[in-house]
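The values are calculated or read from the model by the stated rules, or taken from the named source; none is laboratory data. None of the values given here were measured: they were computed from a predicted structure. Note that each Cβ is placed from the backbone with ideal geometry, even for glycine, and that neighbours are counted across all protein chains shown. Heads up: the accessible areas ignore ligands, DNA and RNA and are worked out on the full protein's heavy atoms, side chains in. Shrake-Rupley method; radii C 1.70, N 1.55, O 1.52, S 1.80 Å.
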Amino acid sequence: MQKPSRIRSKKLEIAQLAEGAAKARVLAVDDDERNLLAIQEVVAPIAEVVAVQSGEEALRCLLKQDFAVILLDVLMPGLDGYETAALIRQRGQSKRTPLIFLTAINKEDAHMLRGYDAGAVDYVFKPFDPVMLRSKVAVFVELHEKTLEIQRKAIAEQALLAKALQAEKEKLEAERSLRNAEERQEAILGSLPVCFHARAAQPPFAARFVTKGVERLTGFPPERLTSDPRFGLSRVHPDDLPRVREALLSAKTTGSYTCEFRWQCADGKYRIFLDQGILSKSADGRRPEILGTLLDVTERRELEDQLLQSQRLDAIGKLTGGLAHDFNNLLAAILSGLGLLERHAPLDEQARQVVDLTRRSAKQGAELVTRMLAFSRRQNLRPAAVRLAALGDTMNGLVAPVLGGLIRFEWKVDNSVWPAHVDVGQLELALMNLVFNARDAMPSGGTITVNAQNRTIETASDDLTPGAYVVVTVRDTGAGIPQDILAKVVEPFFTTKPVGKGTGLGLSTVYGFMKQSGGSLRIDSAVGRGTAMELWLPRSIEQPASDVVEPDVERVDAGKELPSILLIDDSNVLRQLTAQSLRQRGFAVTCAAGGVEALAIIERAPHDCDVIVTDFAMPLVSGVEVIRFARNLRSAWPAVIITGYADADAIADRPSDVPLLNKPFREKDLIESILRANANVGPKAIKIGYATIGACFNFGPVTCLVQVETANYELPIPFSGGR
């Protein structure tokens with residue numbers, strides 16, 4: 001009798017094959033019956049046409065059936081074509097179905113851009129040419145049929161693969177049964193990194209036979225195990241012993257067993273062994289015995305633990321980076337809203353305290369997001385050549401007041417140490433985190449020492465590439481870190497401190513900062529002897545520059561005209577609050593809800609806005625791509641990028657003269673960035689000739705190509721979809 005899951009699987013395969021053999025379907029949506037009849041006449045020879053007269057009916061059809069292509073009228077009562085297309089794209093079942101818009105009047109570029117933005121792959125203008133319509137539909141019908149054919153072939157291949165796997169399984173079982181006849185061939189067994197053994201099937205499971213390979217694994221000769229019936233189990237770790245006994249006893253009922261345990265070797269150290277075997281029932285009347293293999297898997301388990309640790313940290317890093325983007329947008333909106341509230345509404349003392357507390361909480365949230373970005377390696381660093389000896393006075397001033405009288409702080413870094421290539425501000429924060437952790441590890445007092453040395457690595461290791469490094473070591477004389485939790489201390493939110501005494505983000509942010517800086521964090525600790533935290537920093541090939549005081553941004557006179565702004569952000573709330581704040585300061589602001597809308601505004605009126613203020617990560621078209629397109633129309637167009645987070649490589653790809661402002665930002669910083677960008681641009685370039693903008697979307701993985709044509713040149717600008 002077949003299992004229910006296997007029956008359901010067969011039914012699903014049959015249904016898929018039947019569906020693939022049926023004629024492809026085309027969904028035609030038009031409120032005019034005459035148009036639907038015309039479409040049916042044209043398309044019926046190549047596909048089955050399902051005709052409906054409204055967007056609502058179309059959505060209901062999409063819940064029940066799949067279609068090769070959708071012909072969608074733009075103007076309809078109720079849901080129009082754009083709204084229907086947007087709803088279709090929101091549904092997982094239909095979001096990849098090709099859309100062809102049918103229109104009689106909306107032939108302007110703006111309407112076509114809106115259609116392409118809604119997900120259309122093509123436009124057909126009424127009255128349509130039958131041959132053209134049939135040709136366009138036939139392309140997608142053929143693509144749909146090819147897809148179904150591939151699915152049918154995949155099902156068939158899966159069936160063949162299942163048979164092959166079953167045959168392979170049967171082959172492995174046959175090979176396993178053959179090994180029993182070769183177990184005691186000493187010449188073969190001695191060359192394998194595995195120990196073969198035979199033991200009694202009754203407690204204490206005395207060893208009757210052990211191959212010579214056991215001495216390489218454990219340090220004990222075979223005679224040591226076979227001479228004492230209780231010796232084998234006596235060396236098993238006490239925590240693993242009950243599980244081993246249970247596995248061996250189960251062999252009498254199941255016929256086999258598998259167990260993994262720690263075993264104390266001759267050198268006193270525990271190693272991890274995988275023990276597998278079967279119950280052998282002798283035909284000559286002898287007592288049954290257990291035949292098995294013993295494999296040392298210590299290194300394998302250590303590598304697996306390292307891999308799992310790395311994967312866990314990477315997954316947490318990606319998660320925190322994504323959350324930070326959304327949190328920064330929310331915090332920026334909160335802080336902007338509080339500023340607007342203070343300027344518009346008279347506040348009494350109690351209300352002002354509430355606003356101040358809310359602002360303080362938002363800023364604390366921003367600091368938490370910064371730590372999350374540091375761990376996920378997505379914070380924006382400004383590395384430069386730094387002479388570490390010069391940080392002594394700063395660090396003494398920062399940490400001395402909070403260490404207390406029982407702890408002594410010693411800074412032992414001199415000018416013989418190479419300059420390091422690192423963000424000095426983040427380095428100071430990392431050192432403070434390490435010093436405060438060392439302080440908490442010495443409640444009864446002690447010494448914290450910071451020293452540095454030059455190191456060169458010739459061969460690559462797990463965490464560092466070959467090169468020259470400066471190693472800064474923060475050493476304490478505290479309690480030390482147990483080895484079983486040493487690998488966990490860099491995980492975010494892991495802490496051994498009591499509840500309310502720590503966030504668990506200190507070492508994780510240091511770890512993320514070091515990895516993003518091209519270095520590493522190494523920890524050497526022993527319980528009762530203290531801990532040494534090593535920061536491996538890349539050596540700088542440049543010499544540290546003298547401190548330069550950056551001049552203040554040019555102040556705008558009361559009568560001076562402020563630059564006009566094109567504000568681009570896909571966050572509606574933040575965009576509205578930022579625009580309102582800028583308008584209150586006297587700026588003229590034009591808003592765009594994304595990169596595609598901004599391209600249309602820029603192409604239509606390239607001289608209406610003086611400065612572009614754009615979000616970095618937006619769907620379809622990013623902020624950097626918007627700026628590049630704009631500067632093909634007007635060279636050196638002033639621009640400012642605002643971002644919740646972005647990978648360092650992506651941010652570095654922006655034009656060098658475009659300032660970067662992190663969310664949440666202060667209104668003062670935004671205005672200063674705008675004025676600085678506008679002040680750094682000379683006379684505005686004049687574009688000669690004409691410009692047109694077009695878009696082409698390829699069905700499948702979304703690809704957008706915007707092309708700018710002038711009288712003298714043609715420049716393609718590619719855009720990649722997603723954030």
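Accessible area of segment 569-639 with a 1.4 Å probe: how many percent of it is carbon plus sulfur? Let's see the in-between values first.
On the way: 1190 of 2390 Å².
Using a 1.4 Å probe with all protein chains present, segment 569-639 comes out at 50 percent carbon and sulfur.
So for each of 23-33, 89-99 I average, over its residues, the number of other beta carbons within 10 Å; can you give me the resulting order with the highest mean first? Before the final figure, lay out the partial values.
Values: 23-33: 20.0, 89-99: 15.0.
In decreasing order of mean packing, 23-33, 89-99 become 23-33, 89-99.
Longer than 25 Å from Cα to Cα, which of LYS23/LYS163; LYS163/LYS281; LYS171/LYS212; LYS23/LYS136 are they? Say none if no pair is.
Working: LYS23/LYS163 31 Å; LYS163/LYS281 33 Å; LYS171/LYS212 29 Å; LYS23/LYS136 17 Å.
Going by Cα-Cα distance, LYS23/LYS163; LYS163/LYS281; LYS171/LYS212 fall outside the 25 Å limit.
Kindly sort MET112, MET514 by accessible area of their heavy atoms, largest first, with the probe set to 1.4 Å. Write down the numbers at each step before the final one.
Values: MET112 40, MET514 0 Å².
In descending accessible area the options line up as MET112, MET514.
Whole-Hz ³J(HN,Hα) for each residue in segment 630-643, computed from phi via Karplus 6.51 cos²θ - 1.76 cosθ + 1.60 with θ = phi - 60°, x for glycine and proline: what do you get?
My calculation for segment 630-643 gives 4, 6, 7, 8, 9, 4, 6, 4, x, 8, 9, 9, 10, 8 Hz in order.
Once a ≥ b ≥ c are taken as the square roots of the eigenvalues of the Cα gyration tensor of segment 237-282, is the result rounded (a/c under 1.5), prolate (a/b larger than b/c) or oblate (a/b not larger than b/c)? Let's see the in-between values first.
Values: a/c = 3.16, a/b = 2.13, b/c = 1.48.
Prolate shape, in that a/c is at least 1.5 and a/b is the bigger ratio.
Decide, for segment 557-642, between rounded, prolate and oblate: order the square roots of the alpha carbon gyration tensor eigenvalues as a ≥ b ≥ c, take rounded if a/c falls under 1.5, and otherwise choose prolate if a/b is larger than b/c, else oblate.
Cα axes put segment 557-642 in the oblate bin.
Between ALA593 and LYS171, what is the spin-label point distance in nm, taking each point 7 Å from the Cα along the Cα→C-beta axis?
The answer from the label model is 5.9 nm.
Return the whole-Å distance between the Cα centroid of segment 112-143 and the Cα centroid of segment 213-283.
Measuring centre to centre over Cα atoms gives 71 Å.
With a 1.4 Å probe and all protein chains left in place, how much accessible area per residue does segment 107-176 have, in Å²? Don't skip to the end; give the middle numbers.
Details: 4740 Å² over 70 residues.
Averaged over the residues of segment 107-176, the accessible area is 68 Å².
Taking the Cα centre of segment 389-467 as origin, work out the dipole magnitude from +1 charges on Lys and Arg Cβ and -1 charges on Asp and Glu Cβ, in debye rounded to 20. Let's see the in-between values first.
Numbers: 4 positive and 9 negative charges, 60 e Å.
Dipole size: approximately 300 debye.
Output wanted: per-residue J couplings in Hz (rounded whole) for segment 214-223, from phi through Karplus 6.51 cos²θ - 1.76 cosθ + 1.60, θ = phi - 60°, x for Gly and Pro.
Taking θ as phi minus 60°, the curve returns 5, 5, 5, 7, 10, x, 9, x, x, 4 Hz for segment 214-223.
Go ahead and run the numbers for FRET between GLN90 and LYS212, Cβ-Cβ distance against an R0 of 51 Å, rounding to 0.05.
Values: r = 68 Å, r/R0 = 1.34.
Once rounded, the FRET efficiency stands at 0.15.
Taking the highest mean first, how do the peptides 421-434, 595-608, 146-159 order by number of other beta carbon atoms within 10 angstrom per residue?
Details: 421-434: 20.4, 595-608: 18.6, 146-159: 12.7.
Going from most to least packed, we get 421-434, 595-608, 146-159.
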